[in-house]
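Note sheet for the following structure.
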Amino acid sequence: MIRLGDVVTDQHTQSCFDMGASGADRSGAPSIPVVVVADEHDPASAERAKRLAAELSVPLRELDEDGPASRLVLTATAERLELYDPAQRRCKPIVVDFQGGATGYRRTSLRSGKQPLARAVGFRGQRRSVLDATGGLGRDAFSLACLGGIVTIVERSPVLAAMLRDGLARAAACGDAGLREVVSRMTLIEGDACDVLNRMEERYAPDVVYVDPMYPPTHKSALVKNELRMLRSLVGTDPDAASLVELARRVALDRVVVKRHRHAPPLAGDPDTTYLGRRVRYDVHFCNRQ
Ligand SMILES: C[S@@+](CC[C@H](N)C(=O)[O-])C[C@H]1O[C@@H](n2cnc3c(N)ncnc32)[C@H](O)[C@@H]1O
């Protein structure tokens, strides 16, 4: 049985609902083929790439080998997994990285509790359990954990789940004790959040369910646009997101928070309250089942 709120010291994941490599069974979108390659500069990564290709049931290719004209490449380097689109040469690979980049900034900026996300989830200093139903690259899940949440991430794309697993494992083994503490409160479930919520025993219901479905790119930077394009070609556009929110509203104890583009219509009826960020909006549906 899936338990929410478990504090884990060693990163572990559960893969309870096998769905094939795309994870797009319910997304209704064509998933672009993915191939795995090893890092050509690191002979040790060959074994890792082989295991990964078998795990994801996708072809293992040499870097220079011809594949389908349109495909994404998941590279197993010695340190991490990188996803890139060979058709977009100038686009940097996507990596799940809880150590570098904006991570440190997130950890400090979220401490004030004034950010719209912090206000939307309404933790107010208590340890609350959160089910992040749309894991993606784990950025919001990481923010939720920085805010003090005990976060269960659910991601249905096996490729993204593998990348999340990789990012969590690296962060759990890093030298930064503060970061290790944050990721020790993050657990990954590979599968569909609707299945997870449907099968959840009432006593394990999370305080908060967080939903951030894919939406079309708008006024974002070119970099984010490219990243979004790559993600969309992998996982589609989540047309089942409204039913996920409806289900989440029946399960969450306190509230469901839905992240939307600032000008997008609400996903599942009028929210009880909203919090505006610069580009996004958090719609909050209270459940009051506590
Ligand atoms: C916009 S991305 C989420 C980005 C994420 N919030 C972040 O900070 O990186 C949406 C993700 O949700 C996943 N997803 C959508 N519906 C899902 C469902 N019902 N169960 C599990 N994952 C789902 C998609 O595969 C995609 O990876």
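Only the coordinates and a few stated rules stand behind these numbers; no lab work does. Model, not experiment: these values are computed from the prediction. Every residue, glycine among them, receives a Cβ derived from its backbone with ideal geometry; neighbour counts consider all protein chains shown.
Numbers for the structure displayed
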read-out: Radius 11 Å from Cβ of Arg260, net charge of other residues (Lys, Arg +1; Asp, Glu -1); value: +2
read-out: Euclidean distance of C-alpha centroids, the stretch 117-187 and the stretch 238-256, integer Å; value: 19
read-out: Cut-off 10 Å between beta-carbons: net charge of the residues surrounding Ser233, Lys and Arg +1, Asp and Glu -1; value: +2
read-out: Highest average packing first - 130-138, 156-164, 42-50, 193-201, Cβ atoms within 10 Å; value: 130-138, 156-164, 193-201, 42-50
read-out: Charge tally in the Cβ shell below 11 Å around Thr77, where Lys, Arg are +1 and Asp, Glu are -1, Thr77 excluded; value: -4
read-out: At 1.567 mPa s and 4 °C, Stokes diffusion of the stretch 156-290 via Kirkwood alpha-carbon radius, µm² per second; value: 78
